[in-house]
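Trainee: Got a structure for you, written out below as structure tokens; questions coming shortly.
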Amino acid sequence: MRRRFHSGVLAGLAVVAAGAGWTPATARETKARHETPPAPVTVLDVAAFQTEAGQYVGKLVHVNGCYITSASSGGADCAAFRIADLPGKVDWNGSVPLDGPTMEDASFRKAQQICGDTGRHDQCRAEVSGDVYDPFGDMGVQGQRNFELRNVRIHWLAEPATQEREKTHRPSRS
């Protein structure tokens with residue numbers, strides 16, 4: 001009987017050595033097959049955000065068609081402008097507040113450097129992704145809501161200004 005026990009153990013080791021047994025890679029593959037894929041991200045423009053944000057509280061959304069404006073230490077806005085805007089005039093069609101303290105660092109720094117006023121500037125054209133947040137709902141305030149985005153990442157759409165490109169790519173004269 002002792003001999004059979006040893007031969008059974010050896011046979012089991014041979015199966016594992018041949019790769020037919022459990023391995024960590026097998027466990028990862030099995031887990032990957034059973035995980036649900038991430039939910040698709042909802043894409044909204046500024047006007048849709050203003051009317052539909054309540055149904056996305058706590059969810060990641062992507063807002064397109066805006067300009068970053070009013071960037072300060074507290075945050076910024078993702079603003080849409082009316083078609084008839086004239087240079088130097090503020091004619092917002094609406095905006096989405098972006099929470100500064102939770103914003104991605106690189107996005108926040110660039111916004112503060114180039115998009116600090118309320119104007120529509122080509123270098124501030126962007127799309128943003130973030131989690132919809134309801135600050136008044138968290139405080140228990142009833143009625144009208146003012147939704148904002150937290151954990152924001154700004155996706156800049158504009159090319160760097162010509163002057164910036166010239167400064168960084170101009171060969172030095174000797």
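The values are calculated or read from the model by the stated rules, or taken from the named source; none is laboratory data. The structure presented is a predicted model; accordingly, all values stated were derived computationally and were not measured. Methodologically, a virtual Cβ is constructed for each residue, glycine included, from the backbone with ideal geometry; neighbour enumeration extends over all protein chains shown. SASA here: full protein model, heavy atoms, side chains in, ligands and nucleic acids out. Shrake-Rupley method; radii C 1.70, N 1.55, O 1.52, S 1.80 Å.
Trainee: Would you confirm whether any residue within segment 117-138 is at pLDDT 75 or above, open to solvent by 60 Å² or more (accessible area, probe 1.4 Å), among the acidic types (Asp, Glu) and not in a loop (DSSP other than H, G, I, E, B)?
Mentor: yes
Trainee: Being in contact with a helix residue (DSSP H, G or I) (Cβ under 9 Å, 6 or more places away or on another chain), closer than 19 Å to Ala126 by Cα and in a helix (DSSP H, G or I), is that true of even one residue in segment 53-63?
Mentor: No: zero hits.
Trainee: Take Gly58 and tell me if it is open to solvent by less than 50 Å² (accessible area, probe 1.4 Å), modelled with pLDDT of 60 or more and within 27 Å of the chain's Cα centre (by Cα).
Mentor: The answer is no for Gly58.
Trainee: (1) modelled with pLDDT under 90; (2) out of contact with any Gly (no Cβ under 9 Å at 6 or more places or on another chain): which one isn't true of Val90, the others all being true?
Mentor: Result: Val90 passes all but (2).
Trainee: In segment 103-116, how many are in contact (Cβ under 8 Å) with a residue 24 or more places away in the chain, closer than 19 Å to Leu60 by Cα and surrounded by fewer than 17 Cβ atoms within 10 Å (Cβ to Cβ)?
Mentor: Final tally of qualifying residues: 1.
Trainee: Sticking with this one: Please list, ordered by first then second residue, the pairs with beta carbon atoms under 7 Å, 6 or more apart or interchain, first in segment 58-83 and among the basic types (Lys, Arg), second open to solvent by less than 10 Å² (accessible area, probe 1.4 Å).
Mentor: Correct list of pairs: Lys59/Val132.
Trainee: Given (1) surrounded by fewer than 21 Cβ atoms within 10 Å (Cβ to Cβ); (2) at pLDDT 95 or above; (3) charged (D, E, K, R), where does Asp77 come up short, assuming only one miss?
Mentor: Of the numbered conditions (1) surrounded by fewer than 21 Cβ atoms within 10 Å (Cβ to Cβ); (2) at pLDDT 95 or above; (3) charged (D, E, K, R), the odd one out for Asp77 is (1).
Trainee: Okay, moving on. Somewhere in segment 80-87, is a residue modelled with pLDDT of 95 or more, of a type outside the set (Lys, Arg), open to solvent by less than 100 Å² (accessible area, probe 1.4 Å) and under 22 Å from the mean Cα position of the chain (by Cα)?
Mentor: Within segment 80-87 (the criterion being modelled with pLDDT of 95 or more, of a type outside the set (Lys, Arg), open to solvent by less than 100 Å² (accessible area, probe 1.4 Å) and under 22 Å from the mean Cα position of the chain (by Cα)), the answer is no, since none of the residues qualifies.
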